Amino acid sequence: MRRLLLALALAAGATQATAFDANFDLSCTANPNCQADFRSISEDITAALNYKALGPSEATGITGIGIGAFATYVDVDDPQAWNRLTGEDVDAIGMAGVVVRKGLPFGIDLGAFYATVPGASADLFGGEVRWAILEGGVAEPGLAVRGTYTRSSGIDDLDYESMGLDVSISKGFAFLTPYAGYGYVWSEVDPKGVVGLQKEEVDASRFFAGLRFGLAIFDITPEYEHIEGRDTFNLLIGASF
């Protein structure tokens with residue numbers, strides 16, 4: 001609950017938080033475990049910044065469009081690794097941003113997002129293509145496959161890029177729609193020429209589950225995700241038309 005409340009604060013517009021105070025300024029000075037530390041923070045970054053599901057599997061529909069504000073929160077696995085590499089006390093990272101989705105024919109949805117990492121000079125951009133094999137309805141669940149892409153910009157010492165593939169299922173009941181899915185993320189975290197560091201590639205499976213609460217055109221969607229041993233908490237506040 002604490003993590004979902006923090007995510008809610010971010011989605012409501014917070015731009016600074018002590019837990020997210022990291023600018024990704026990397027240094028290997030007097031650190032014999034520099035690459036191992038970078039591997040650890042690369043896994044944290046992948047867990048926090050990969051493209052999030054943030055909704056059920058049902059097709060949006062050819063006339064449908066959805067917009068929303070979202071936030072993500074994840075405790076880092078090794079705060080000391082962050083301290084040794086950045087000189088910052090970091091116990092969690094995440095992102096806050098906006099997402100939009102548009103329905104197309106044949107159960108296809110297109111989506112995109114823009115986000116920032118609070119407390120850091122970092123921007124994230126991403127897109128998704130989702131196909132609802134089963135579009136969902138009163139009598140049947142929604143079943144969808146999805147491909148995603150994310151990359152960072154504006155970080156002096158680090159580039160992040162990832163691709164993802166997942167499958168998910170959902171079923172609506174009145175104003176509640178639970179969903180769950182499983183997939184894989186392929187990410188690349190590049191220290192951009194920092195002496196003593198080499199690029200890390202993180203390939204990780206991920207499980208996610210969430211529950212959309214819908215009231216008229218508005219919806220709130222808390223979501224849990226487990227990836228690379230990290231527990232990630234996501235929250236979307238949106239509207240669908």
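The values are calculated or read from the model by the stated rules, or taken from the named source; none is laboratory data. Everything numeric here is computed off the predicted structure, so don't read it as measured data. Backbone-built Cβ (ideal geometry, glycine too); neighbour counts: all protein chains shown.
Structure summary
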quantity	calculated
From Asp37, Asp89, Asp77, residue being within 22 Å of Glu225 (Cβ to Cβ), among the acidic types (Asp, Glu) and surrounded by fewer than 23 Cβ atoms within 10 Å (Cβ to Cβ)	Asp77
Residue in region 113-134 that is within 14 Å of Gly66 (Cβ to Cβ), part of a loop (DSSP other than H, G, I, E, B) and modelled with pLDDT of 95 or more present	no
Meets criteria (within 25 Å of Thr177 (Cβ to Cβ), modelled with pLDDT of 95 or more, surrounded by 22 or more Cβ atoms within 10 Å (Cβ to Cβ) and not charged (D, E, K, R)) for Thr60	no
Residue within region 90-98 that is in a strand (DSSP E or B), among the small types (Gly, Ala, Ser), at pLDDT below 95 and under 12 Å from the mean Cα position of the chain (by Cα) present	yes
Candidate set from region 184-241 (those that are polar (S, T, N, Q) and surrounded by fewer than 19 Cβ atoms within 10 Å (Cβ to Cβ)); member that is nearest to the chain's Cα centre (by Cα)	Ser205
Set Glu161, Glu140, Glu135: member being on the phi < 0 side of the Ramachandran plot, free of Cβ contacts under 8 Å to residues at least 60 places away in the same chain and more than 18 Å from the chain's Cα centre (by Cα)	Glu140
Residues of region 23-39 satisfying the condition of being within 26 Å of the chain's Cα centre (by Cα), more than 22 Å from Met95 (Cβ to Cβ) and aliphatic (A, V, I, L, M)	Ala36
Count - residues of region 201-218 that are touching a residue at least 24 places away in the same chain (Cβ under 8 Å) and either within 13 Å of Gly55 (Cβ to Cβ) or assigned to a strand (DSSP E or B) (or both)	12
Tally, over region 40-74, of residues that are among the charged types (D, E, K, R), within 15 Å of Glu228 (Cα to Cα) and more than 12 Å from the chain's Cα centre (by Cα)	1
Residue count for region 135-149, restricted to those that are modelled with pLDDT under 95 and within 25 Å of Gly97 (Cα to Cα)	0
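Residue by residue, here is whether (1) in contact with a Pro (Cβ under 9 Å, 6 or more places away or on another chain); (2) of a type in the set (A, V, I, L, M) holds:
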{"position": "Ser187", "(1), (2)": "no, no"}
{"position": "Leu197", "(1), (2)": "yes, yes"}
{"position": "Ala204", "(1), (2)": "no, yes"}
{"position": "Phe207", "(1), (2)": "no, no"}
{"position": "Asp219", "(1), (2)": "no, no"}
{"position": "Ile227", "(1), (2)": "no, yes"}
{"position": "Arg230", "(1), (2)": "no, no"}
{"position": "Leu236", "(1), (2)": "yes, yes"}
